[in-house]
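What follows draws every value from the coordinates through simple rules; no lab data is involved. Keep in mind it's a predicted model, so treat the numbers as computed, not measured. Neighbour counts run over all protein chains shown; Cβ positions are idealised from the backbone, glycine included.
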Amino acid sequence: MDIASPSPFAFLPQINATSTGKNRTCYDSGINEEVLIFAIFTMLFCVLGMLGNGLVIWLLGSSVKRNTFAIYIINLSVADFGFLTFELIIEIHWLFTHLYCDFPYELFQTGLLLMYSTGQFLLTVISIDRCVSVLFPIWYRCHRPVHLFTTVCAVIWAISFILSSIHFTIIAVDGFGNSYTLMYQFIVNSVLCLPLMTISSVVLFVKIYFLSKIQRRRKLLTAVLLTLFFFLVLAFPLNAFYFILYVFKYIHPNLVHYGYLCTCINSSINPLIYYLVGRQKGKTQRNIKDLLQKVFKEEENSSDQMETSEGSKI
């Protein structure tokens, strides 16, 4: 066992390949029972998550007005849908080849990294946006650019695409044998997103649930807080696992598979959060489209409510 290998699958039996003329190592786990169990559950959540996020994209994209907060949620659902799609392809690829390297795998992994980074950047921006809207409601209402949401989403997708393209270019030049660039991307995500997301989430939670005089806790903020919470608990540890691998050059195999499984669960659970938050106890349940509209159309009235609340304190 070569514990100095940079690959996240360095713990697996190695198969040397020289078809490209460069020295590189592939990893073949065979039909390992534990890996197979992880793969089955991962594919199950991928399929369920793709259905849920696809439904959110379809309903919100066809019914909610443009230039609203729902644009963030649509883009987040697209990123989750893409992540789940690439992860499903990777698991199917493993079932047929039992390999975690070479051209097809690295291409799928790059696409997965693109979607994962985009979702992480979007959640960071969402947390900051909600934090600013709660702390400075009047300023936010008056000075927010008309096309803010669309512009921010476009910039995030562009940045994620550039970073992923750099990653793929480096590993392609290296003969698909360099996994350090993948770790660098996860570490960059951690350094940029974790502090901002955590601070914004804590401030938002304290402001709304402890300091705010508004009795009615809006569904939009509840959905955002739950989404951030589950991301930090389920999806963010994948960054930590790659950081451990980068520092110690080795990590227990199940942690890597567990990290991807939990990330798939996180990407699948967001549509369920929107649905549960939008429901009203004791009332006749409406269709899913109406529930989603109720959650995200609250953005149009929330600022007015907070302006009134802030104005009464002056």
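Odds and ends about this structure:
- Within the shell defined by Cβ-Cβ distances under 15 Å, the residues around Gly259 carry a net charge of -3, with Lys and Arg each +1 and Asp and Glu each -1.
- Summed side-chain charge close to Val47 - residues other than Val47 whose Cβ falls under 14 Å, Lys, Arg +1, Asp, Glu -1: -3
- Under the shape rule built on the C-alpha gyration tensor, where the axes satisfy a ≥ b ≥ c, segment 33-279 is prolate, since a/c reaches at least 1.5 and a/b is greater than b/c.
- Residues Leu234, Leu245, ranked from the fewest to the most other C-beta atoms within 10 Å, line up as Leu234, Leu245.
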